[in-house]
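This report refers to the structure that appears directly beneath it.
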Amino acid sequence: MTAAAKRSLLAGLRWTSLRLRLVVVFALVALTAAVSASGIAYWLNREAVLTRTQDAALGDFRQEMQNRAASLPLHPTKDDLQNAAVQMASSSPGYSVLLVDKRDGDKPIVGNSNLDTFTLDNVPLSLQQQVNRRQPSEAGNTYPYHLFWQRTSIRGTPYLVAGTRIIGGGPTGYMLKSLDQERQDLNSLAWSLGIATGLALVGSALLAQAAATTVLRPVQRLGDAARKLGEGKLDTRLVVSGTDELADLSRTFNRAAISLEKKVADMSAREESSRRFVADMSHELRTPLTAITAVAEVLEDEADSLDPMIAPAVHLVVSETRRLNDLVENLMEVTRFDAGTARLVLDTVDVADQVTACIDARAWLDAVDLDAERGMMVRLDPRRLDVILANLIGNALKHGGSPVRVAVRTDGDELVIEVRDHGPGIPEDVLPHVFDRFYKASASRPRSEGSGLGLSIAMENAHIHGGDITAANSPDGDGAVFVLRLPRDAEELTRTARDQGAEARDEEGDAT
């Protein structure tokens with residue numbers, strides 16, 4: 001499975017995924033509709049089945065009571081009731097019959113078509129009372145006795161129980177109709193409706209997935225295109241088809257990408273032109289600056305023999321010439337970093353010797369305390385380490401206070417060099433900007449002795465090694481502390497950069 005497919009699958013499984021929410025909403029709507037429809041269908045069918053069975057049984061029972069029970073003698077015997085009950089049950093659609101009459105002394109006489117399934121105990125007392133109660137004669141009720149029925153359950157089986165009396169004298173009849181077959185039919189219907197509901201739920205989920213795929217595929221393509229655009233692939237475009245809202249969104253994205261690519265190209269061209277101008281200007285300045293520097297050095301050697309009114313001007317020219325020379329060198333270094341042409345020239349060096357050489361070359365031995373053990377070997381670019389140390393130590397001597405302490409140690413795979421001065425420290429509002437190019441801590445002092453690029457160049461040299469520099473004030477409030485961290489072996493960084501460059505060239509070759 002590709003990485004893109006894995007991302008798509010994981011995105012689809014997250015609850016925040018629009019695809020998952022669409023599927024869930026579709027499923028809930030389908031489930032609600034299917035359950036409602038199934039419930040209504042089950043209830044309607046249940047009532048229809050029970051009503052049909054009930055009406056058939058009650059109609060037949062009423063007819064049998066009129067034909068057979070009403071023809072019995074006024075005072076029937078038990079055998080008469082028994083025979084009539086058996087005849088009524090044998091001609092009925094599957095129900096049992098119970099006939100009850102009374103002898104002298106109100107002793108009941110019972111005739112039963114099946115004593116094993118139907119006795120007077122099976123008839124609810126409330127139904128017996130309703131059947132035996134004489135109804136008042138009114139305009140809408142001309143019969144003193146009516147047919148009453150009730151659904152009940154006997155030993156877990158549903159039954160229909162009904163009863164009525166013969167008008168004008170005669171036995172009371174009860175019938176018991178099993179509804180077990182109807183229950184089984186309704187259970188089968190319920191299972192069928194449940195299966196239909198499940199199928200509807202699965203179908204809705206599939207439809208939701210299809211709809212989500214149809215809707216979200218353009219959105220996913222748009223997201224991938226936006227991600228590529230954010231990664232710097234400004235030539236990314238979407239294939240537009242259709243006239244719907246998503247197609248309009250894709251067209252808008254393409255227009256925005258075209259505009260962005262044009263603006264970035266214009267900015268890159270202007271930046272490249274500016275970089276080229278600075279580089280060309282720096283190169284052009286070096287030739288006359290070399291001549292001016294030579295003349296200034298001659299004038300400096302002869303300053304003591306010059307007119308005292310001219311000597312200060314000579315010293316100023318020499319100082320500003322050196323400052324201009326430093327500025328040109330720094331500008332050339334910055335342009336190399338901006339152009340991406342700066343490269344490491346690695347060598348294995350003793351850090352203590354390297355720091356000592358940097359301090360000695362600039363005659364700082366009396367102003368700097370060095371804490372470094374010999375034999376601490378690292379692999380880095382000696383020239384760039386010298387530039388970093390010269391800028392950090394020089395900045396501490398210029399803006400801090402003596403003595404400046406340089407401590408060298410190792411921390412795992414890192415080389416740590418700490419430069420601390422004993423000056424007033426760095427204002428809190430200046431700390432975030434100390435490595436910015438040409439940053440001035442005070443707007444009222446736009447001119448400073450340095451170029452304003454030293455710390456920035458030191459940071460760039462640290463970054464090219466894969467390291468970093470941090471600036472802070474000492475915890476005890478005595479001076480500022482700059483901490484340089486570099487990998488003890490920058491070979492791996494150089495190899496990684498070389499491999500990445502080779503991969504980029506291979507991809508360009510494949511694309512062409």
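The values are calculated or read from the model by the stated rules, or taken from the named source; none is laboratory data. In this text the structure is predicted, and so the values were computed from the model without any measurement. Accessible surface is based on the protein model in full, side chains and every heavy atom, while ligands, DNA and RNA are left aside. Shrake-Rupley method; radii C 1.70, N 1.55, O 1.52, S 1.80 Å.
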For the range 212-303, the per residue accessible area (1.4 Å probe, Å²) is 69 Å²
Leaving out ligands and nucleic acids, note down the accessible area per residue over the range 27-122 with a 1.4 angstrom probe, in whole Å². 58 Å²
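Two-decimal Rg/Rh of the range 376-433 from alpha-carbon positions, Kirkwood Rh?
1.02
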Heavy-atom SASA rank of 21, 362 (probe 1.4 Å, accessible area, largest first): 21, 362
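In whole percent, and with a 1.4 Å probe on the protein chains, what portion of the accessible area of the range 324-403 is carbon and sulfur?
Details: 1860 of 3890 Å².
The nonpolar share, carbon plus sulfur, comes to 48 percent.
Give, in nm to one decimal, the length gained when the segment between residue 121 and residue 79 is fully stretched (0.36 nm per residue of separation minus the Cα-Cα distance). Intermediate values should be presented prior to the final figure.
Details: separation 42, 0.36 × 42 = 15.12 nm, distance 2.04 nm.
This chain segment gains 13.1 nm when fully extended.
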